[in-house]
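Novice: There's a structure below that I have some questions on.
The values are calculated or read from the model by the stated rules, or taken from the named source; none is laboratory data. None of these values were measured; they are calculated from a predicted model. Using ideal geometry, Cβ is built from the backbone for each residue, glycine included, and neighbour counts are taken over all protein chains shown. Calculation scope for accessible area: heavy atoms of the full protein, side chains included, ligands and nucleic acids excluded. Shrake-Rupley method; radii C 1.70, N 1.55, O 1.52, S 1.80 Å.
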Amino acid sequence: MKRLLDRFVSGVSSASNTRPGDLGSARPTQPQADDEGFFATQFLERPEQARATSAWTARALAVGAHALEPAHGLELLLKAWGSDALMASLSNEDRRKLLDHLDFISVPPGRELIQQDEKGDYALIVLEGLVAVDRVQPTGARARLAEAREGDVLGEMSLLDAGARFASCMTLSRCSIAVLTSGALDELAIEEPRLGMALMASTARRLSLRMRQLSARLGALLAAG
C-alpha cells in the first residue's frame, strides 16, 4: 500500500528513478523450501533469471484480443465498480476521462492472460466472463486458487511492485476486460490524481479481500494437517 501512496504523492518522477534491478538487489534471500508439503509445491519460487518480461502489447497479440467499443467498455466497468464509494463520487466527466487511460478488450476462451513468474506491465479488470487463477507447481501440475468474475482484478500486485506474477490466469469463457498499464497509471498520477486514486482504491479493496480469502484457505489447509 505504501508503494501505491508513494506513486500518487511523489508522482511519476520518483517511480522512474527506481529500476527493477534495484528492487531485486535489495530483496532478502528466500529460505529454502522443504521437499514435501503444501508450501513446497504450491508456493515455491522460480529462479529470478528464469523470469521474462511481458508487455501488454505483446500479450494482446498472443491471446487474440479484440477491441471493445469504448463506451460499452466503460458501461461494463461502471456496472462492476459503480457502487464503490470513490468511483460513485466521480462526475460523468471524470468517468469519461477513464476512456483516455484504459483499454477495453474481448478475449476468447482458453487464452492465458497472465503467465506465472513473468514480469508484466499491466493489470486486468474482469468485466464479463470467467477466468481461472492457477498456481503452476514445479511438476507442471496446476492448482486452482480461484476463479475471477465480474469486477475482479488480475495482476495488480505486479503492476504496483514490479515483482513477478504469482499465478497464471486463463480465460474459461469469452471475457470482456479493462486493461490498466503501468504507463497509464503514471499518467493518472500526474494528470488526474483524484481519478487515479479512485481507480486504485477500488483495486486495493479487492486485493485486500482476496488476500483475506487466501489466508482463510491457507489456515484451513494447515489446520487440516
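Novice: Taking the criterion of being open to solvent by less than 50 Å² (accessible area, probe 1.4 Å), at pLDDT 90 or above, of a type in the set (S, T, N, Q) and closer than 17 Å to GLY120 by Cβ, would at least one residue in the stretch 169-178 satisfy it?
Specialist: Yes; the residues of the stretch 169-178 include at least one that is open to solvent by less than 50 Å² (accessible area, probe 1.4 Å), at pLDDT 90 or above, of a type in the set (S, T, N, Q) and closer than 17 Å to GLY120 by Cβ.
Novice: Pick from SER173, SER215: which is more than 28 Å from ASN92 (Cα to Cα) and not in a loop (DSSP other than H, G, I, E, B)?
Specialist: Only one candidate passes the filter, namely SER215.
Novice: Quick one: which of LEU130, LEU76, LEU61 is among the aliphatic types (A, V, I, L, M) and either more than 18 Å from LEU154 (Cβ to Cβ) or touching a helix residue (DSSP H, G or I) at 6+ places or on another chain (Cβ under 9 Å) (or both)?
Specialist: Of the residues listed, the single one that is among the aliphatic types (A, V, I, L, M) and either more than 18 Å from LEU154 (Cβ to Cβ) or touching a helix residue (DSSP H, G or I) at 6+ places or on another chain (Cβ under 9 Å) (or both) is LEU61.
Novice: Cβ-Cβ below 7 Å, separation at least six or inter-chain, first residue in the stretch 181-210 and open to solvent by less than 10 Å² (accessible area, probe 1.4 Å) and of a type in the set (Ser, Thr, Tyr), second at pLDDT below 90 and outside any helix (DSSP H, G or I): which pairs?
Specialist: Short answer, once both residue conditions are applied: SER202/ASP84.
Novice: Given ILE114, ILE125, which one is of a type in the set (A, V, I, L, M) and touching a Cys at 6+ places or on another chain (Cβ under 9 Å)?
Specialist: ILE114
Novice: Report the residue count in the stretch 103-119 for those that are at pLDDT 90 or above, within 23 Å of LEU199 (Cα to Cα) and open to solvent by 20 Å² or more (accessible area, probe 1.4 Å).
Specialist: Adding up the residues that qualify gives 1.
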